[in-house]
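Below is one structure, written out as structure tokens; comments come after it.
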Amino acid sequence: MPYYPQAAQLASGISDSSVRNAFARIDRSRFVRPALKASAWADIPLPIEDHATISQPSLVAAMTAWLKLTPDCRVLEIGTGSGYQTALLAELAAAVYTIEISETLARHAQRRLKALKYQGIQFRTGDGATGWPEAAPFDRIIATVAFPHHPTALLEQLTEDGICLIPVGMPGAVQQLIEYRRNGAKITARTHCTVRFLSLQ
Ligand code: SAH
């Protein structure tokens, strides 16, 4: 099994050992532009195609830990980007449904994740703002693109005890990374931190 010590170092602050171990199995340099490979292990966001960015590794690790994934989880991801977060989800969950609006990014991420032999990932190219109703419900939903308002359509696609993690904020404004939890018909929300993600296109 692959082991990248630099990745293990970046996730060392995460208490959940399954997230730390999954993180250490992924080579982040495969997900960045060839010219930026030397920076792949710095704890900084890096540009990918179509003006998108791959988040800094410590934030990816923290968000993954907050999702509290279990091996039987079905996960929806909005904003495939490079596919790095998708790979981490696929390491820890049973099935991942990922949506990307940029055809270029979607194509590259799909090619990359297939080359890395990930299974159990369903790809969709298009607008992820309204989720993936045909495949709902999901145990977990994660967006790595900011929603302007509470994501009502997505919350309807959560299972009875599901968790949804989403940056919420108007374009240009500070965003709150919000964790929604469903408990039957009741939804609770709490803010983890402020973040800066691309806004939904
Ligand atoms: N998690 C990614 C980074 C995502 S950056 C990674 O690990 O690399 C945010 C992504 O959301 C960009 O790729 C952008 O193209 C995509 N995006 C923007 N609006 C979207 C929409 N409406 N539906 C789906 N994806 C969208």
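The values are calculated or read from the model by the stated rules, or taken from the named source; none is laboratory data. Predicted, not measured: the structure shown is a model, and the values here were computed from it. Counting neighbours? That spans all protein chains shown, and the Cβs are built from the backbone with ideal geometry, glycine included. For accessibility, only protein heavy atoms count, side chains too; no ligands or nucleic acids. Shrake-Rupley method; radii C 1.70, N 1.55, O 1.52, S 1.80 Å.
Return the calculated 222 nm mean residue ellipticity for the chain, to the nearest 500 deg cm²/dmol, obtained by summing -39500 (n - 2.57) across DSSP H runs with n ≥ 4 and dividing by the residue count.
Working: 6 runs with 50 residues, N = 201.
Only helices count here, giving -7000 deg cm²/dmol.
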Segment 1-68 - percent relative contact order, Cα under 8 Å, separation 6 or more: 30
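Mind checking the full-extension length gain between Q122 and I187? Use 0.36 nm per residue of separation minus the Cα-Cα distance, one decimal, nm. Walk me through the intermediate numbers first.
Values: separation 65, 0.36 × 65 = 23.40 nm, distance 2.69 nm.
Gain in length upon complete extension: 20.7 nm.
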Prolate/oblate/rounded call for segment 10-58, Cα gyration tensor, a/c under 1.5 rounded: prolate
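Once you order the gyration tensor axes a ≥ b ≥ c over the Cα atoms, which shape class does segment 123-201 get: rounded for a/c under 1.5, otherwise prolate or oblate by comparing a/b with b/c? Walk me through the numbers before you get to the answer.
On the way: a/c = 2.28, a/b = 1.22, b/c = 1.86.
In terms of gyration-tensor shape, oblate.
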Beta bridges by DSSP in segment 82-185, antiparallel share as percent, to the nearest 5: 40
Stretch gain in nm, segment D43-S29, where the contour uses 0.36 nm per residue and the Cα spacing is subtracted: 3.8 nm
Where Y118, Y3 fall by accessible area, highest first, once all protein chains stay in place (1.4 Å): Y3, Y118
Cα centroid of segment 89-112 to Cα centroid of segment 1-67, whole Å: 16
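Can you send over the carbon and sulfur percentage of the accessible area for the chain, probe radius 1.4 Å, protein chains only?
Numbers: 4920 of 9530 Å².
Carbon plus sulfur share of accessible area: 52 percent.
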R196 versus Y3: modelled label distance in nm, points set 7 Å from Cα along the beta carbon direction: 3.7
For segment 144-175 versus segment 177-201, the gap between their alpha-carbon centres in whole angstrom: 5
Tally of Lys pairs whose C-alpha atoms are under 26 Å apart, taken over the chain, 8 or more apart or cross-chain: 5
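Keeping every protein chain in place, order D27, D16 by accessible area at 1.4 Å, biggest value first, i.e. largest first.
Values: D27 30, D16 55 Å².
Largest to smallest exposure gives the sequence D16, D27.
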Probe 1.4 Å, protein heavy atoms only - accessible area per residue of segment 1-119 in square angstrom: 45
Rounded accessible area of R20 (nearest 10 Å², 1.4 Å probe): 80
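About its Cα centre, what dipole magnitude does the chain give when the only charges are +1 on Lys and Arg Cβ and -1 on Asp and Glu Cβ, stated in debye to the nearest 20?
Result for the chain is approximately 460 debye, rounded to the nearest 20.
So how do T80, T152 rank on accessible area, 1.4 Å probe, biggest first, that is with the largest at the start? Could you put the intermediate results ahead of the total?
On the way: T80 10, T152 90 Å².
The ranking, largest first, comes out as T152, T80.
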Projected area averaged over orientations for the chain, convex hull of C-alpha atoms, nm²: 10.3
Probe 1.4 Å - accessible area at M63, Å² to nearest ten: 0
